[in-house]
Amino acid sequence: MKTALFSHDDCELHDMGCGHPESPARLTAIKNKLQDTRLMQQLDYIRAEEVQRAHVEKVHPGTYIDQLDLMVPEKGRIMADPDTAMMKHSMRAAKLAAGAAVQAVDVVMSGQYDTAFCATRPPGHHAERNKTMGFCFYNNVAIAARHAMDLHGLERVAIIDFDVHQGNGTIDIFQNDPRVMVCSSFQHPHYPNSHYTLLPDNIVNTPMDAYSKGIVFRNKTEKDWLNRLQNHKPQLILISAGFDAHKDDPMADIELQESDYRWVTEMIMDVAKYYADNRVVSVLEGGYNLQALAASVESHLEVLSGC
C-alpha cells in the first residue's frame, strides 16, 4: 500500500509563543520519530504547496479570508481569538496546511497513492465558517472534503475526528450537507462545548467522560460509527487525526494509548476497503505531549501504510 506524507518546513515557522502547546516542536518530534524508526523510508515525502484561494472559499467566506490576511502583523504577535496567536508566518503555515490536505485528496483520488498523511500545522477542525478557534485558522479537512466533492465528483465523504476536542468547526460547516458524514469523539464536558445537541443524521457525536480508557473509546466509537459509516458508504474517508486523547497529554483527561490509535485506524481502513477503494487521507490535528504524539502518529502511519 503506497502512502504519501505531506509536510513543509515553513509549517514550523508559525510560532504562538513560548509555552504555547501548539508549538513547532510538534512537527519536529513527528519527523524525528519517523526517521528514527525508518518508517520515513516507507513513505513518499511530498512538499506541501499553498492552498488556492478558490479552494478556501468553498468553506470560508471571502470576507473572512481577507480579514485574516489583513490581520497578519509585521512584528510580534496578535490574538486572533483567546487561544490562537498570529504572527507574520502564521497564514503562510495555514495556507500550506490547507494546501497539503487538498493535494493529498488529489493524489489519492488519482490512484497514485492509497493513503496520505498531512504532517502540518496549524490544525483546522475548530475553525468554523466565520471564526478562528482553538489554534485553527482554516478548516483543513473541510476544505479537502469540499474539494473532493466539487472537483472529483464524489457523492459521499466521511470525516472521522478522534481528537479529544470535538470537531465543532467541521460540524458547523457540514451540518446541513448530507453528503458528508462527520463522526467526532471527544471528552465531554470540555472545550469547545458546542454543536452536540439537535444535530442532523449526518453528524455523529461520541462524547466520553473524563478518565475514560481505551476500552470505552473502542466500544463507543464502534457502536456509534460503524453501522452509520456502512450505511453512508463513503467514497473517501478523511481523518481529523488528533492525538491529545492520549493518557500522557496535558490538554484533557481521556486515557488512550498508542494501541487505541492503531485500533481506530484499522477500523477506518476496514470501512475504506469495502466502500472507498482504500482511499484515506489523514490530517494532523491535536497532540501536545511530544513523545506521546510522535509514538501515536507512528502507530497511525504503520496502519495507513500497511507496514
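Of the listed pairs LYS2/LYS273; LYS58/LYS95; LYS33/LYS88; LYS213/LYS247; LYS2/LYS233; LYS95/LYS131, which have alpha-carbon separations greater than 18 Å here? Too far apart for the 18 Å limit: LYS33/LYS88; LYS2/LYS233. Convex hull volume of the C-alpha atoms in the range 1-53, normalised per residue: 109 Å³. For SER282, nonlocal amide neighbours, meaning residues 5 or more places apart or on other chains whose placed amide H falls under 5 Å from its own, are ALA116, PHE117, CYS118, ILE239. Expressed as a fraction of 2.2 N^0.38 Å, the C-alpha radius of gyration for the chain is 0.89. Extent along the principal axes, Cα only, for the range 47-195: 43, 37, 26 Å, with the longest axis given first. Amide H contacts of ILE159 (H built 1.01 Å from N, in plane; Pro and chain starts excluded): MET181, VAL182, CYS183, LEU238 sit under 5 Å, all sequence-distant by 5 or more or on other chains. In the range 140-200, Rg over Rh equals 0.99, where Rg is the alpha-carbon radius of gyration and Rh the Kirkwood radius from pairwise Cα distances. Looking at the chain alone, DSSP beta bridges between its own residues are antiparallel in about 10 percent of cases.
Does the range 1-122 come out rounded, prolate or oblate by the C-alpha gyration tensor, with a ≥ b ≥ c the root eigenvalues, rounded set by a/c under 1.5 and, if not, prolate when a/b is larger than b/c and oblate if not? It is oblate, given that a/c is not under 1.5 and a/b is not larger than b/c. Taking a span of 24 Å or more along the helix axis (Cα atoms) and a mean Kyte-Doolittle hydropathy of at least 1.0 as the rule, the DSSP H helices of the chain that qualify are 90-109. Equivalent ellipsoid of the range 151-307: semi-axes from √(5λ) of the C-alpha gyration tensor, largest first, are 23, 19, 13 Å.
Each value in this text was obtained by applying a stated rule to the coordinates, not by laboratory testing. Note that the structure is predicted; figures quoted are calculated from it, not measured.
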